[in-house]
Amino acid sequence: MGIEQKVNARRKKVSKAKQKIEESKRQLKTREEKKEIINTKQKIIESSPYFQEFKENKINEKELLFLYFFEKELGNIGAACRAIRINRQTYYNWLARNPHFKEYINEIKEAQIDIVESKLKENILKGNVIAQMFYLKTIGRERGYEQSPVVQNNIDIVGFEFEEVGNEES
């Protein structure tokens, strides 16, 4: 074997060794990422306000994680489904099959409505006219603050306006 062949053989061995080292690093990184995901998941589960229900088997781990992301994503079903890697139908199946899960979803929605209502009221107090008009059109509807459909020439069809055309004789 000549010197050139020995050098090439050595280069191949070094290259293979480098590849093995890189592969080991990737595997180590993947293992560390998996550990981090497991630790994060465990922290989410244990810090959840629904942890007790989870311990009592009223909801399963995936449902608990969904509740966390549903709340975090402000009620966005698709985002919560993507976060825990389930399809949307699974969420609807849980709603239909688990009354506890459905109750917790409704609690989260109600809490979010409360937050938005408080922000609306803050804007009303700051003099935001649009917020005031919105409030009166919704909450003040009973006092007559409502937007009526347009009525023209005694023809009232919601969403459309018509003008009455006279009957022309030929």
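The values are calculated or read from the model by the stated rules, or taken from the named source; none is laboratory data. Quick caveat: nothing in here was measured; it's all calculated off a predicted structure. Glycine also receives a Cβ, built like all others from the backbone with ideal geometry; neighbour counts cover every protein chain displayed.
Would you call Asn128 loosely packed, with under 14 Cβ neighbours inside 10 Å, at pLDDT 90 or above and of a type in the set (S, T, N, Q)?
No.
Which of the residues spanning segment 67-84 are of a type in the set (Asp, Glu) and under 12 Å from Lys109 (Cβ atoms)?
Our first condition is that a residue be of a type in the set (Asp, Glu); within segment 67-84, this holds for 71, 73.
Once the filter is applied, which keeps residues that are of a type in the set (Asp, Glu) and under 12 Å from Lys109 (Cβ atoms), segment 67-84 yields only Glu71.
For segment 50-78, give me the residue count where each residue is within 18 Å of the chain's Cα centre (by Cα) and either of a type outside the set (Ser, Thr, Tyr) or surrounded by fewer than 17 Cβ atoms within 10 Å (Cβ to Cβ) (or both).
17
Tell me which residues, restricted to segment 66-112, are under 15 Å from Ser48 (Cβ atoms), small (Gly, Ala, Ser) and touching a helix residue (DSSP H, G or I) at 6+ places or on another chain (Cβ under 7 Å).
Across segment 66-112, the qualifying residues are Ala80, Ala83.
Of the residues Thr30, Thr90, Thr40, which single one is of a type outside the set (Lys, Arg), closer than 30 Å to Ile113 by Cα and at pLDDT below 80?
One residue alone meets the criteria, Thr40.
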